[in-house]
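Reading through the structure tokens given below for one structure.
The values are calculated or read from the model by the stated rules, or taken from the named source; none is laboratory data. Since we're looking at a predicted model, the values are computed, not measured. Here Cβ is always computed from backbone atoms with ideal geometry, including for glycine, and neighbour counts include all displayed protein chains. To get the accessible areas, we keep the full protein, side chains included, count just its heavy atoms, and leave off ligands, DNA and RNA. Shrake-Rupley method; radii C 1.70, N 1.55, O 1.52, S 1.80 Å.
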Amino acid sequence: MERWSGLTADEMQVLETTFWSSGGSRHGVAERLGFSKSKANGLIAGLVEQGLLAEAGLQRSSGGRRAENLQLNDALGVLIGIDIGATSLDIAVLGPDLRPLAQHTEATDVRQGPGVVLARVRVLMRELLARCGHGAKQVMGIGIGVPGPVNFQIGQLVNPPLMPAWDGFSIRDALREDYTAPVFVDNDVNLMALGELWRLKRSLQNFLVIKVGTGIGCGIVVHGEVYRGAAGSAGDVGHICVDQEGPRCHCGNVGCVEVMAAGPAITRMAVQAAEAGESEMLAERLRTQGRLDAVDVGHAGRAGDAAANGIIQRAGNLLGQMLASVVNFFNPSHVFIGGGITHIGPLFLAAVRQSVYQRSLALSTRHLEIQYTPLGPQAGLIGAGALAMQETLKVRGIAP
Ligand SMILES: [Zn+2]
């Protein structure tokens with residue numbers, strides 16, 4: 001582990017650039033850092049010799065010559081990415097290039113509190129490490145995403161509305177008992193944004209990731225970095241009002257987009273439609289399953305159920321209404337929508353697009369693209385791994 005303490009600032013920059021351009025060439029690294037070819041070659045040769053960088057395979061360069069792919073050396077160790085949602089838990093052991101080596105998903109309920117949930121996380125971490133033949137010592141860094149506002153510096157949730165029992169709880173200390181590796185905690189949507197940024201190799205500089213699940217949140221990428229705001233609550237868009245006459249939200253206000261368009265609202269509307277006799281299909285599902293969720297509404301919608309389509313349209317419209325203001329304010333090139341809502345299908349996306357394009361200023365939507373997150377359900381995990389690697393590189397000893 002200590003093999004990378006005492007590196008120079010230049011060497012750390014090469015490592016970080018290699019991580020962010022995984023599979024890039026020597027030439028690419030030199031170019032990105034503004035180093036001369038000979039300086040970059042010297043640094044890279046040194047890092048390869050120390051076992052920090054590896055040259056993997058060959059890639060065709062534009063001139064027809066072949067160049068080596070640079071990547072962080074697998075021998076550095078592994079990362080653990082943890083993505084805690086309000087109702088689901090994803091955890092993975094990842095290589096330094098964020099390749100999943102072992103992964104597990106299960107249902108959870110964060111309202112059980114940090115003691116119960118993190119005890120389960122610790123068991124799963126041990127099991128997954130064992131499954132890919134690693135121990136606690138090989139873990140370089142741990143990244144964890146949680147569904148609430150996080151003070152990133154101290155790694156704690158601050159007044160999380162969906163998980164009050166976690167307020168001020170030190171997630172870091174709970175995980176540090178088993179590992180010497182540093183633990184980094186961030187909001188789940190920020191990590192989805194970081195995951196997409198890493199996938200894009202920073203080729204997009206200004207975009208948003210909207211997560212629609214039990215709640216609604218927004219990850220913000222500005223100038224190629226995740227923007228967290230002054231106190232870490234940037235992108236808390238779920239409580240923007242979209243209807244002055246709307247229902248009361250758990251935050252105390254009325255008509256928040258979260259209480260009107262997120263997963264529970266869609267379920268509520270579906271149950272109402274089923275019970276009011278507006279949809280035979282949803283009523284049938286409710287009878288056989290005893291419950292309904294967004295996936296059922298999506299199924300019914302695709303099968304031509306008018307009530308289900310009405311619900312999807314309404315939720316998409318309300319989300320679009322909120323998003324239109326955000327787009328006017330921020331002017332992103334892309335908006336990626338992720339979370340459980342993506343299971344509902346393309347009609348939701350179409351409704352969001354229509355609503356945004358109708359309400360936003362022409363200049364902010366001229367080149368705007370709105371789509372589901374390309375990384376899909378992996379976005380949070382990949383983001384947790386990216387956070388772990390990026391921050392671990394930052395805190396490792398840089399020689400003066
Ligand atoms: Zn609210």
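Exactly one residue out of Gly301, Gly277 is assigned to a helix (DSSP H, G or I) and either in the same structural domain as Glu245 (by TED's automatic domain parsing) or more than 23 Å from Gln358 (Cα to Cα) (or both): that is Gly301.
Number of residues in region 355-378 that are small (Gly, Ala, Ser) and either at positive phi or open to solvent by 40 Å² or more (accessible area, probe 1.4 Å) (or both) equals 2.
Listed here are the residues, each with its yes/no results for (1) among the aromatic types (Phe, Trp, Tyr); (2) modelled with pLDDT under 95; (3) surrounded by fewer than 22 Cβ atoms within 10 Å (Cβ to Cβ).
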site: Asn190; (1), (2), (3): no, no, no
site: Leu194; (1), (2), (3): no, no, no
site: Arg202; (1), (2), (3): no, yes, yes
site: Asn206; (1), (2), (3): no, no, yes
site: Val221; (1), (2), (3): no, no, no
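Looking at Ala303, Ala308, Ala294, just one residue is open to solvent by 40 Å² or more (accessible area, probe 1.4 Å) and over 20 Å from the mean Cα position of the chain (by Cα), and that residue is Ala303.
Criterion applied to Val93, Val110 was being within 21 Å of the chain's Cα centre (by Cα), over 15 Å from Gly81 (Cβ atoms) and buried (at least 19 other Cβ atoms within 10 Å of the Cβ), and the one residue passing it is Val110. Restricted to region 124-170, and to residues there that are of a type in the set (Val, Ile, Thr) and under 21 Å from Gly235 (Cβ atoms), the residue that is surrounded by the fewest Cβ atoms within 10 Å (Cβ to Cβ) is Ile154.
Met260 meets all of the listed conditions (1) free of Cβ contacts under 8 Å to residues at least 60 places away in the same chain; (2) more than 12 Å from the ligand (Cβ to nearest atom) but one, namely (2).
For region 331-344, the criterion of being open to solvent by less than 80 Å² (accessible area, probe 1.4 Å), of a type in the set (Phe, Trp, Tyr), assigned by TED's automatic domain parsing to the domain that holds Asp243 and within 24 Å of the chain's Cα centre (by Cα) is met by at least one residue. Residues of region 227-243 that are more than 13 Å from the ligand (Cβ to nearest atom) and surrounded by fewer than 17 Cβ atoms within 10 Å (Cβ to Cβ): Tyr227, Gly229, Ala230, Ala231, Ser233.
Just wondering, is there one or more residues in region 273-289 that are hydrophobic (A, V, I, L, M, F, W, C) and touching a residue at least 40 places away in the same chain (Cβ under 8 Å)? Checked region 273-289: no residue is hydrophobic (A, V, I, L, M, F, W, C) and touching a residue at least 40 places away in the same chain (Cβ under 8 Å).
Rundown of residues vs (1) out of contact with any strand residue (DSSP E or B) (no Cβ under 8 Å at 6 or more places or on another chain); (2) in a loop (DSSP other than H, G, I, E, B), yes/no style:
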{"site": "Arg172", "(1), (2)": "no, no"}
{"site": "Asp186", "(1), (2)": "no, no"}
{"site": "Trp198", "(1), (2)": "yes, no"}
{"site": "Ser203", "(1), (2)": "yes, yes"}
{"site": "Ile220", "(1), (2)": "no, no"}
{"site": "Ala230", "(1), (2)": "yes, yes"}
{"site": "Ala234", "(1), (2)": "no, yes"}
